[in-house]
Amino acid sequence: MKTSTALVTLLGLVLLTQSSHAANWPQWRGPHFNGSTEESNLPVQWSKTDNLAWTKELPGSSAATPIIWNDKVLISTTDDANETLLAMCLDRKTGDTIWSNKVAVGLKRDSRSNYASPSPVTNGEQAIFFYGNGELVVFDMDGKKLWGTNIQKRWGDFCFQWTFSSTPLLYDNTLYVQVLQRDVPVHGKGFKDQPNESYIAAFNPANGDLKWKITRPSEAKAESLESFTTPMPYTHDGRTEILILGGDDITGHDPATGKELWRWGTWNPTRIGHWRLVPSPIAGDGIALACAPKRDPIYAVKLGGNGTLTDDALAWVSKDDRNLSSDVPTPAYAHGDFFILSDVRGALSRVEPKTGKVKWTTELPGRSKYEASPTVADGKVYIMNFAADVVVLDAETGEIKSNIPMGERGDDMTRSAIAAAQGNLFIRTNDKLYCVGK
């Protein structure tokens, strides 16, 4: 049987595209939206001076994760000296600045975070930056501004107890932005003569045209309406949906219209009013995880349902394992399992999706809290704590392979996830970006 030249060429292009896609880290949770990548030959041992390609001094702190596309690294950051927000692009091979654009004046509204916490996203054509003050700005890869809008000025003040942060989702030529917020004003922010609605909006990333905007209702109360999560795409049994987590519920939405397909949420039956959500939804093997806050369990929801789901849709709940709880980090999915980092217990666990069976749990070293989401690559798990100590674990056994201090004196609340791309690790501390590996 002969294969046509055209078919061979097409297959080659598909494989090349897939390979290139996997070699980049285009979104906060990587090429597969789940904290994993097929990168190989990644380092286990290094230091602040050894086994580095380069080190870059940054003008300010940020919890945003570095985004890598081919030979460019996108950085969202503050500029502390000038009290501005910057969108930056670095040379992946050298760390040199290719371009740096001022986006706005003003750094933060509270002491716990700043406006540069959301990570950039890219498809290799547009470099998209979003900030906690509402600025959404899109450049081409050479730094030329294509379009921009301020979400707060467009649709109203963000109604949050703390600084708003939610990384956008770029998927299938659509840019998704969510704002899940209080329905009444807080700290003087928000409409006083009408409800403050939570919503999801979809844009054309090339020109900023609004594709659709929907209201996402919720019966949650007060701070429990607030969500700092990121929309996540997932395809199950041929149906692709956008997963949204916040306001005491996890929901699935039609990517083309925003229509709600299903909803589950019974973890807060008494409507406690201080359960804001930080971990984003993560899915694998037909299961989506919803991490309830404040030391509460993790709920595993079986995908494929429609309408309002009952607890019959739950595959398992982690009520009997105190280590399976996450108040801030988003779990990862790789090698057919979830990797759940418990910031409240200081432990990392590998868990089967359909059963909740724990394959291993490892207590993490040090006294600093771990809030950065885990990255799984090359058979290893990379995590970092507030002090910028990076712990490398064997993904198969949970054995700790190394514990490497990357912070400086005074480093605290380091929360950027580690990116793995193009054969390197990209580690962001409070004032530096390290490219690890040669």
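Nothing in this text is a laboratory measurement; each read-out follows from the coordinates by a stated rule. The structure displayed is predicted, hence computed values, not measured ones. FYI the Cβ positions are ideal-geometry reconstructions off the backbone, even for glycines, and counts take in every protein chain you see.
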- Sorted by chain and then number, the residues having a modelled amide H within less than 5 Å of the amide H of Ile67, at least 5 places away or on another chain, are Leu74
- In the stretch 198-306, GluC sites (Glu not before Pro) in a DSSP loop with at most 12 other beta-carbon atoms within 10 Å: Glu219
- Task: Using Cα pairs closer than 8 Å and at least 6 residues apart in sequence, work out the relative contact order for the stretch 5-436, in percent.
- Result: 14
- Under 1.5 on a/c is rounded, so check that first for the stretch 21-68, then, if it is not, pick prolate when a/b is larger than b/c and oblate when it is not; a ≥ b ≥ c are the square roots of the alpha carbon gyration tensor eigenvalues. oblate
- HN-Hα J in Hz across the stretch 426-438 - Karplus 6.51, -1.76, 1.60, θ = phi - 60°, x for Gly and Pro: 10, 10, 10, 9, 4, 9, 9, 10, 9, 9, 9, x, 8
- Message: For Cα pairs less than 8 Å apart in space and 6+ apart in sequence, what is the mean separation divided by the residue count of the stretch 351-438, i.e. the relative contact order in percent?
- Response: 21
- Which far-off residues, 5 or more places away or on another chain, put their amide H under 5 Å from the one on Lys380, with H placed in the peptide plane? Ala395
- Nitroxide proxy distance, nm - points 7 Å out along Cα→Cβ at Thr235 and Lys48: 4.5
- For Lys189, which sequence-distant residues (separation of 5 or more, or a different chain) have an amide H within less than 5 Å of its own amide H, given hydrogens modelled in the peptide plane? none
- Qualifying trypsin sites (Lys or Arg not before Pro) in the stretch 162-267, DSSP loop, other Cβ atoms within 10 Å at most 13: Lys192, Lys259
- Message: Please check: in the Gaussian network model of the chain (C-alpha springs, under 10 Å), which one of Leu289, Leu170, Leu309 has the largest mean-square fluctuation.
- Response: Leu309
- Report, ordered by chain and residue number, the lysines lying within cross-link reach of Lys211, taken as a straight Cα distance under 20 Å and ignoring same-chain residues fewer than 8 apart. Lys153, Lys259
- Item | Qualifying aspartates and glutamates (Cα of each under 15 Å from Cα of Lys48; at least 8 residues distant if same chain) | Glu57, Asp389, Glu408, Asp411, Asp431
- Note on the structure: Quick note, the stretch 183-319: a/c under 1.5 would make it rounded; otherwise a/b > b/c is prolate and the rest oblate (a ≥ b ≥ c, C-alpha gyration tensor); here it is oblate
- Once you have a ≥ b ≥ c as the square roots of the Cα gyration tensor eigenvalues for the chain, tell me rounded if a/c is under 1.5, and otherwise prolate or oblate according to whether a/b is larger than b/c. rounded
- Message: In whole Hz and in residue order, list the ³J(HN,Hα) couplings for the stretch 101-116 that follow from phi through the Karplus curve 6.51 cos²θ - 1.76 cosθ + 1.60, θ = phi - 60°; x for Gly and Pro.
- Response: 10, 6, 9, 6, 9, x, 10, 6, 10, 8, 8, 8, 7, 10, 6, 8
- Across the stretch 128-134, in residue order, what do the Karplus-derived ³J(HN,Hα) couplings come to in whole Hz, using 6.51 cos²θ - 1.76 cosθ + 1.60 with θ = phi - 60° and x for Gly and Pro? 10, 10, 10, 10, x, 8, x
